[in-house]
1. Principal axes first, then extents: for the Cα atoms of the range 125-186, list largest minus smallest coordinate on each axis, whole Å, largest first.
2. For the ranges 79-91, 18-30, 177-189, what's the packing order if you count other beta-carbon atoms within 10 Å of each residue, average per peptide, and put the highest first?
3. Obtain the nm distance between the two label points defined at residue 175 and residue 156 by a simple spin-label model: each point lies 7 Å from its Cα along the Cα-to-C-beta direction.
4. Multiplying the sequence separation of residue 30 and residue 120 by 0.36 nm and subtracting their Cα-Cα distance, what value in nm do you get?
5. Counting Lys +1, Arg +1, Asp -1, Glu -1, what net charge surrounds residue 171 among other residues with beta carbon under 12 Å of its beta carbon?
6. Taking amide hydrogens as modeled 1.01 Å from N in the peptide plane, which residues meet the under 5 Å criterion relative to residue 122, leaving out close sequence neighbours?
7. Show me, bin by bin at 5 Å from 0, the whole-percent P(r) of the range 50-147 based on Cα pairs.
8. Output the relative contact order of the chain, whole-number percent, from Cα pairs under 8 angstrom with separation of 6+ residues.
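Read-outs throughout are calculated quantities, based only on the coordinates presented, and are distinct from any laboratory measurement. A quick note: this is a predicted structure, and the numbers were derived from the prediction, not measured. Because the Cβ atoms are built from the backbone with ideal geometry, glycine has one as well, and the counts that use them run over all protein chains shown.
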Amino acid sequence: MKFIISNSWAVKLFWLLFLTDLGFITIHILVSIVSLGKQYTIPDLQLYLVEKDRGFPEFFQYMKQYWCLLLLGFIAFKQRSWLYASWMLLFFYLLADDALSIHEKLGAFLSEALGFVSMFRLRSVDFGELLVSGVAGAILFSCIGLAYRFGDRSFRQASKKLLILFLALAVFGVVIDMVHIMAPKRLDRFFGLLEDGGEMIVMSAITAFIFALSEKVRSSATLIKT
């Protein structure tokens, strides 16, 4: 954790977010036990499932992404630099994609329009979603790569650590998601929890790291004024 987050307040923030994630994961497991064999038939309890669209855990995830967007905006404003705007674009897309299901809806359209077929235990729509995510990722990370090319040493170091964290997020959001789809039905709940629970924890680490960056920028600005 020290490799990613060194600021003591950021570490405390991470633990607050992580323990909240852990609380949601625990509630998810309890609800799963209560609903075992019932396909989550208790409507009110479904909102506590980490896999549930528009559920409480998902809205908590939205909040973290929104905070990251605001913190990056603060950094860009304080440094009067467009460099962090490249990362802001990525977080804006993540928030919009999760809230509006962009890659799912556009992926379904493209899979039908391009005539994708099911293979390797993946549905045709899954290939459409991968195409959308791949194109979006290529565009967004090209912007980040351009900013990295012109960035200073501190921006490059921050970008390297953010990239490591995003690779971890991609493992849960893309790789585990595909494994989840291909896995036997009896493992559906396990992989659903692993995918979404893992994304929540990594997003907490990203939020804490960006908070640490903003604190570093704020402290530097204070020192310059004094």
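1. 49, 21, 7
2. On the way: 79-91: 18.4, 18-30: 15.9, 177-189: 14.0.
So the order, starting with the most tightly packed, is 79-91, 18-30, 177-189.
3. 2.7
4. On the way: separation 90, 0.36 × 90 = 32.40 nm, distance 3.32 nm.
Contour length minus the Cα-Cα distance gives 29.1 nm.
5. Numbers: positive: none; negative: 177, 195, 199.
Taking every other residue near residue 171 into account, the sum is -3.
6. none
7. 2, 13, 17, 17, 17, 15, 10, 5, 2, 1
8. Values: 214 pairs, mean separation 61.6, N = 226.
Value for the chain: 27 percent.
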